[in-house]
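Q: Below is one structure. I have some questions about it.
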Amino acid sequence: MSGARVTITVDDAAVRAQLERLLARVQRPTDALREVGEVLQQSTQRRFATETAPDGTHWAPNSPVTLARKTSRHILTDSGLLGDTIHYQLTADRQGVAVGSNRVYAAMQQFGGTKAQHPQLWGDIPARPFLGVSATDRAEILAIFNDYLDAT
């Protein structure tokens, strides 16, 4: 994932404990981590259809100015490039997984920004989080780790 790098770390005690158990038992946890990456990639891409953050809250609606400039009424979706560029990759140490986009504007959409901070904008942009782990994602990640632990 190139471009501006933004890191959001999800530090969930239960997930961390299961991952540490998996790493202690399995020398190469890449298969489990790839499954986690697939789950998170698909979940993130679905958020563009549901227009919701990982915590289930709805994204802020488009402003009238934005609606006048877009061809689509959907939030964060005009050409579909942002949602289509969501991918996962294993971390360099192959003991974790990263999910994100290589679009330079992805961080702006995730965290929001103001015209004062970024004069090239035509207005303020509210945060519309699409990256992160939902409660459903968390349960799926734990199930994946448990499946691999049960198999060892």
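Q: So for segment 13-151, averaging the separation of alpha carbon pairs under 8 Å that are six or more residues apart and normalising by length, what relative contact order in percent results? Each step should come with its number before you reach the end.
A: Working: 175 pairs, mean separation 47.3, N = 139.
Dividing the mean separation by the residue count of segment 13-151 yields 34 percent.
Q: Can you figure out the FRET efficiency of Gln27 with Asn102, using R₀ = 25 Å and their beta-carbon distance, to the nearest 0.05?
A: Details: r = 31 Å, r/R0 = 1.22.
For R0 = 25 Å, the calculated efficiency reads 0.25.
Q: Related question: Return, ordered by residue number, the residues of segment 63-101 whose backbone nitrogen is under 15 Å from a label point located 7 Å along Cα→Cβ of Val10.
A: Hits in segment 63-101 for Val10 at 15 Å: 87-91, 96-101.
Q: Nearest 500 deg cm²/dmol is fine: what mean residue ellipticity at 222 nm does the chain get from its DSSP H runs of n ≥ 4 alone, each adding -39,500 (n - 2.57), divided by its residue count?
A: Working: 6 runs with 67 residues, N = 152.
Computed mean residue ellipticity for the chain: -13500 deg cm²/dmol.
Q: While we're here: Ala17 versus Gln95, label points 7 Å from Cα toward the beta carbon: distance in nm?
A: Each label point lies 7 Å from its Cα, and together they span 1.9 nm.
Q: Lys115 to Ala135: extension gain in nm, 0.36 nm per residue of separation minus the Cα-Cα distance? Intermediate results must be reported in sequence, preceding the final value.
A: Values: separation 20, 0.36 × 20 = 7.20 nm, distance 3.34 nm.
Full extension from Lys115 to Ala135 adds 3.9 nm.
Q: Then there is this: Among Phe130, Gln117, Val36, flag the residue with its Cα farthest along the positive direction of the charge dipole of segment 13-151, charges on Cβ as +1 for Lys/Arg and -1 for Asp/Glu.
A: Gln117
Q: What are the trypsin sites (Lys or Arg not before Pro) within segment 1-110 that DSSP puts in a loop, where the Cβ has at most 13 other Cβ atoms within 10 Å? Intermediate results must be reported in sequence, preceding the final value.
A: Values: sites: Arg5, Arg16, Arg21, Arg25, Arg34, Arg46, Arg47, Arg69, Lys70, Arg73, Arg94, Arg103; in loops: Arg5, Lys70, Arg73, Arg94, Arg103.
Within segment 1-110, the qualifying trypsin sites (Lys or Arg not before Pro) (loop, at most 13 other Cβ atoms within 10 Å) are Arg5, Arg73, Arg94.
Q: Further, regarding this structure: Between His74 and Asn146, what is the spin-label point distance in nm, taking each point 7 Å from the Cα along the Cα→C-beta axis?
A: A separation of 3.3 nm, rounded to one decimal place.
Q: A further question follows. Relative to the longest principal axis of the chain, what angle (0 to 90°, nearest 10) does the C-alpha long axis of helix 30-50 take?
A: Result, in degrees: 30.
Bear in mind that the values in this text are calculations on the coordinates, not laboratory data. Keep in mind the model is a prediction, meaning the values are calculated, not measured. All Cβ positions, glycine included, derive from the backbone under ideal geometry; neighbour counts span all protein chains shown.
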